[in-house]
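The values are calculated or read from the model by the stated rules, or taken from the named source; none is laboratory data. The structure presented is a predicted model; accordingly, all values stated were derived computationally and were not measured. Reconstructed Cβ throughout: ideal geometry from the backbone, glycine too, with neighbour counts over all protein chains shown.
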Amino acid sequence: MDFYCIRAINQDDVPFLWDMLYEIRSLRCVREEKIPSRDVLQTPDLAKYLQNWGLKSDRGFIALDAETPIGAAWYRLFTVDNRGYGYVNDRTPELAIALLPQYRNKGLGKSLLIHLFAQAKADGYGQISLSCAPTNDNALHLYQKLGFEQVGVYIIQNWIMKKVLN
Ligand SMILES: CC(C)(COP(=O)(O)OP(=O)(O)OC[C@H]1O[C@@H](n2cnc3c(N)ncnc32)[C@H](O)[C@@H]1OP(=O)(O)O)[C@@H](O)C(=O)NCCC(=O)NCCS
């Protein structure tokens, strides 16, 4: 049986988080049949998900296979003047999640999200948000199964989704 470990993110994990952000961005481009250069991570709309990581409200978890990072989920609080793609309001953190391709569909995404929900609740948040392309079947299935509902759209091709934490 596979054995994986999930623990809270620390500052040493930040380079891996950038790798995961690139996974998320590249996935969109695979569908568009053009893989972006890693320079895309420097665009402000994307960089804001990780730049200066370690702010008081930054939280996340990393999944490991033995000592090797294989996926991560994290959230950040954005503001009305500095919105993420899944912005709802200033009191709702927005999450991002990705696993290396060979570790998908093993239930790890669900485990990472459950850790994140518990953390967000402990931090006093009543809800959590994200953005997802409606064509991302795997992710959408997981989000809906865990209680996310569409509450808006971001530039047509992305849904804004929200889950009440209970
Ligand atoms: C999205 C992601 C984090 C999900 O993590 P995961 O570990 O693969 O998810 P899980 O295994 O916990 O659950 C996946 C669910 O989707 C289902 N699924 C898989 N492929 C599917 C498909 N094509 N259509 C519908 N459902 C699908 C699985 O059966 C499972 O549901 P079940 O538990 O009811 O059987 C992961 O796939 C990933 O890293 N994707 C690339 C990055 C990405 O898209 N990030 C999110 C951006 S919004």
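Overview of results
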| item | result |
| --- | --- |
| Selection from segment 113-161 of residues that are of a type in the set (Ser, Thr, Tyr) and modelled with pLDDT of 95 or more | 125, 129, 131, 143 |
| Counted residues, segment 128-141 - those being surrounded by fewer than 19 Cβ atoms within 10 Å (Cβ to Cβ) and free of Cβ contacts under 8 Å to residues at least 60 places away in the same chain | 5 |
| Test: residue 35 is hydrophobic (A, V, I, L, M, F, W, C), at pLDDT 95 or above and in contact with a helix residue (DSSP H, G or I) (Cβ under 9 Å, 6 or more places away or on another chain) | no |
| Sole exception among (1) out of contact with any Leu (no Cβ under 8 Å at 6 or more places or on another chain); (2) without any contact (Cβ under 8 Å) to a residue 60 or more places away in the chain; (3) small (Gly, Ala, Ser); (4) within 25 Å of residue 142 (Cα to Cα) for residue 111, by number | (2) |
| Selected residue (only one of 27, 55, 50, 21 is modelled with pLDDT under 95 and within 18 Å of the chain's Cα centre (by Cα)) | 27 |
| Any hit, segment 42-56, residues being surrounded by 15 or more Cβ atoms within 10 Å (Cβ to Cβ), closer than 19 Å to residue 83 by Cβ, of a type outside the set (Lys, Arg) and free of Cβ contacts under 8 Å to residues at least 40 places away in the same chain | yes |
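Conditions tested, residue by residue: (1) charged (D, E, K, R); (2) within 16 Å of the ligand (Cβ to nearest atom); (3) surrounded by 19 or more Cβ atoms within 10 Å (Cβ to Cβ).
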position: 72; (1), (2), (3): no, yes, yes
position: 76; (1), (2), (3): yes, yes, yes
position: 81; (1), (2), (3): yes, no, no
position: 88; (1), (2), (3): no, yes, yes
position: 97; (1), (2), (3): no, yes, yes
position: 101; (1), (2), (3): no, yes, no
position: 109; (1), (2), (3): no, yes, yes
position: 113; (1), (2), (3): no, yes, yes
position: 123; (1), (2), (3): yes, no, no
